[in-house]
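For reference, the structure discussed in these notes is given below.
The values are calculated or read from the model by the stated rules, or taken from the named source; none is laboratory data. Please read all numbers here as calculations on a predicted model, not as lab measurements. Here the Cβ positions follow ideal geometry from the backbone for every residue, glycine too, while neighbour counts run over all protein chains shown. Please note that ligands, DNA and RNA were not included when accessible areas were found on the heavy atoms of the full protein model with its side chains. Shrake-Rupley method; radii C 1.70, N 1.55, O 1.52, S 1.80 Å.
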Amino acid sequence: MSLALIQKLNAMLLAEMPEYRGQAAGVGETEAAQRHLLRALMNVRSPLPLTEAFVRLQDELLAAEREERGAIDVMALSAVPSDERITLWQGDITRLSADSIVNAANAALLGCFIPCHRCIDNAIHSAAGLQLRAECAALIERQGHPEETTGTAKITQGYNLPARHVIHTVGPIVSGALTDEHRELLASCYRSCLHLAAEHGLRSIVFCCISTGEFHFPNKEAAEIAVREVRAFLAQNKSMERVVFNVFKDEDRMIYERLLS
């Protein structure tokens, strides 16, 4: 990475958002500190028009970071014993090279605006670049309203991600006891994503653990629904060549290992 490149991008964003100049002035001059600032500024930026100059520099930086992380081809990953088309992989979803990765989005569909938040929505948008938020905003503008229906899915380009596309789905939020409606809405998320991928001729899809983080769906039951819906889809669809269950926590990896063994 280039400190000068990062600082130039920060200056461009601060010119657009002068209200953050005071906070930015207190950030250290190290590359790590300036990169953290850049991610925060990108996270809070509204989906305003992007200049060619900014996009060119941003893409240069994100491409270099993508190469540094190393992209992983999902078709080269080992399949689980029970199905040659299913893979379980633990790690950073933004490293996976696939036709599509699934983003656990919120109803606004614009990504996470909390600076450097640890949710998957923030991670995906941060690695893809600001074009992803811009496309999501255009999608919502054409639609005329936020994603009011939980369990549906929308598709966008992947931009600076190794994945060609991002499929965005809004999972159910569980507050209190888990209900049959919660279960059906989560199942609908998986079905919607799979059918949307198939409609676009995509042959690989990577699922995160939808609704289990900030939305508090119990991990074990969420995984059971995910595996059930994927297996049912694959039994009927022969064009999908690889479905990856991407987990981050050891707890989720052990749950999926038991279900897929």
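Computed from backbone phi, the HN-Hα couplings of the stretch 220-229 come to 5, 5, 4, 5, 4, 5, 4, 5, 4, 5 Hz, rounded to whole numbers (Karplus: 6.51 cos²θ - 1.76 cosθ + 1.60, θ = phi - 60°; Gly and Pro given as x). Per residue, the convex hull spanned by the Cα atoms of the chain measures out at 136 cubic angstrom.
From largest to smallest, the equivalent ellipsoid semi-axes obtained for the stretch 161-216 from the alpha-carbon gyration tensor read 25, 13, 7 Å. Applied to the stretch 252-260, the Karplus parametrisation 6.51 cos²θ - 1.76 cosθ + 1.60 on θ = phi - 60° returns per-residue 3J(HN,Hα) values of 5, 4, 5, 4, 5, 4, 5, 5, 9 Hz, with x for Gly and Pro.
The HN-Hα couplings worked out from phi for the stretch 142-148 by the Karplus form 6.51 cos²θ - 1.76 cosθ + 1.60 (θ = phi - 60°) are 5, 5, x, 6, x, 6, 6 Hz, whole numbers, x standing for Gly and Pro. Roughly to the nearest percent, how much of the accessible area of the chain is carbon and sulfur, given a 1.4 Å probe? Reported share for carbon and sulfur atoms: 53 percent. Against the compact-protein benchmark of 2.2 N^0.38 Å, the Cα-based radius of gyration of the stretch 70-202 scales to 1.08.
For S97, the residues 5 or more places off, or on other chains, whose built amide H falls under 5 Å of its own are I72, D73, V74.
Computed with a 1.4 Å probe over protein heavy atoms only, the accessible area of F215 comes to about 50 Å².
Overall dimensions of the stretch 1-136, expressed as equivalent-ellipsoid semi-axes from the Cα gyration tensor (√(5λ), whole Å, largest first), are 31, 17, 13. Each principal axis of the Cα cloud of the stretch 149-261 was taken in turn, and the coordinate range along them, longest first, works out to 38, 34, 30 Å. Among the trypsin sites (Lys or Arg not before Pro) within the stretch 157-261, those in coil by DSSP and having at most 12 neighbouring Cβ atoms inside 10 Å are K238.
Solvent exposure of the stretch 1-158 amounts to 47 Å² per residue of accessible area, where only protein heavy atoms count and the probe is 1.4 Å. Any chance you could check the Cα centroid distance between the stretch 208-261 and the stretch 1-46 for me, in angstrom? Taking the Cα centre of each part, the stretch 208-261 and the stretch 1-46 sit 37 Å apart. For K249, the lysines whose Cα falls under 28 Å of its own Cα, not counting residues fewer than eight places away in the same chain, are K154, K220.
When all alpha carbon pairs of the stretch 109-182 are counted in 5 Å bins from zero, the resulting P(r) reads 3, 14, 23, 23, 19, 10, 6, 2 %.
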